[in-house]
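To start, the structure under review is shown below, and the notes come after it.
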Amino acid sequence: MARKIHEVMTRDVEVINPNDTLRDAAEKMRSLNVGPLPVCDGQRILGMITDRDIVVRAIALGRDPNTTQVADAMSPGIEYCFDDDDVDGVLERMRDKQIRRVIVVDRNKKLVGIVAIGDLSGEVSERKVGEALEGISEPSSPNI
C-alpha cells in the first residue's frame with residue numbers, strides 16, 4: 001500500500017506573519033535552524049519566505065531587514081499537497097516543479113505540516129529520489 005504524506009511530514013510547523021520584519025524572519029530561522037518559513041495571516045497560507053529570499057530580494061538590493069516586511073520578499077503562491085496524498089505522487093510533483101519542499105494541508109486547506117525531499121528519501125526508492133533531485137537541480141527553461 002502506498003505511503004501517505006502525513007506519515008512522513010514534519011508537523012508543528014512554525015510560521016511567520018507577512019507584516020513581520022525580515023529581521024524577525026531571520027531570527028526565527030536561526031533559532032529553529034531552518035531555511036524556509038510559511039507565511040500565514042491567521043490560518044491562511046500566503047506564501048513562503050526562505051533565507052535565500054531574504055538575501056536576494058532584500059539585502060542584495062540594499063533594503064533594511066529591520067524595517068522591510070516579510071510580504072516584500074516572500075514568494076507568493078506556494079505549492080502544497082494534501083496530507084492524504086501518496087508519497088510517490090508528491091515526489092513526482094516536486095521533481096516536475098523543481099522544488100525541494102512542499103506545504104502540507106488537510107482537506108480544509110489548513111496547514112498541518114511541511115515535507116522536504118529529504119523526508120521522502122526513506123519512503124521511496126533511491127532511484128526515484130535521485131531522479132527527483134536531478135530534475136530539481138536542472139536549470140528551468142527560460143520564459144520566452
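Here the Karplus relation 6.51 cos²θ - 1.76 cosθ + 1.60, evaluated at θ = phi - 60°, turns the backbone of the range 59-71 into coupling constants of 4, 5, 9, x, 6, 7, x, 7, 10, 6, 7, 3, 4 Hz, with x for every Gly and Pro.
Computed 3J(HN,Hα) for the range 48-55, one whole-Hz value per residue from the Karplus formula 6.51 cos²θ - 1.76 cosθ + 1.60 where θ = phi - 60°, is 9, 10, 10, 4, 5, 4, 4, 6, glycine and proline marked x. Distance between the pseudo-spin-label points of Arg52 and Arg100 (7 Å out from Cα toward the beta carbon): 0.7 nm. Estimated from the Cβ-Cβ distance and a Förster radius of 30 angstrom, the FRET efficiency linking Lys28 and Asp64 is about 0.95.
Backbone geometry of the range 75-85 corresponds, through the Karplus equation with coefficients 6.51, -1.76 and 1.60 at θ = phi - 60°, to 3J(HN,Hα) couplings of 8, x, x, 9, 7, 9, 9, 8, 5, 9, 5 Hz, x marking Gly and Pro. Quick one: net charge around Asn108, please, counting Lys, Arg +1 and Asp, Glu -1 for every other residue with C-beta under 14 Å from its C-beta. Its environment carries a net charge of +1.
A short reminder: the numbers here are calculations on the coordinates, not readings from a lab. If you're wondering where the values come from, they're calculated on a predicted model, not measured in any experiment. Methodologically, a virtual Cβ is constructed for each residue, glycine included, from the backbone with ideal geometry; neighbour enumeration extends over all protein chains shown.
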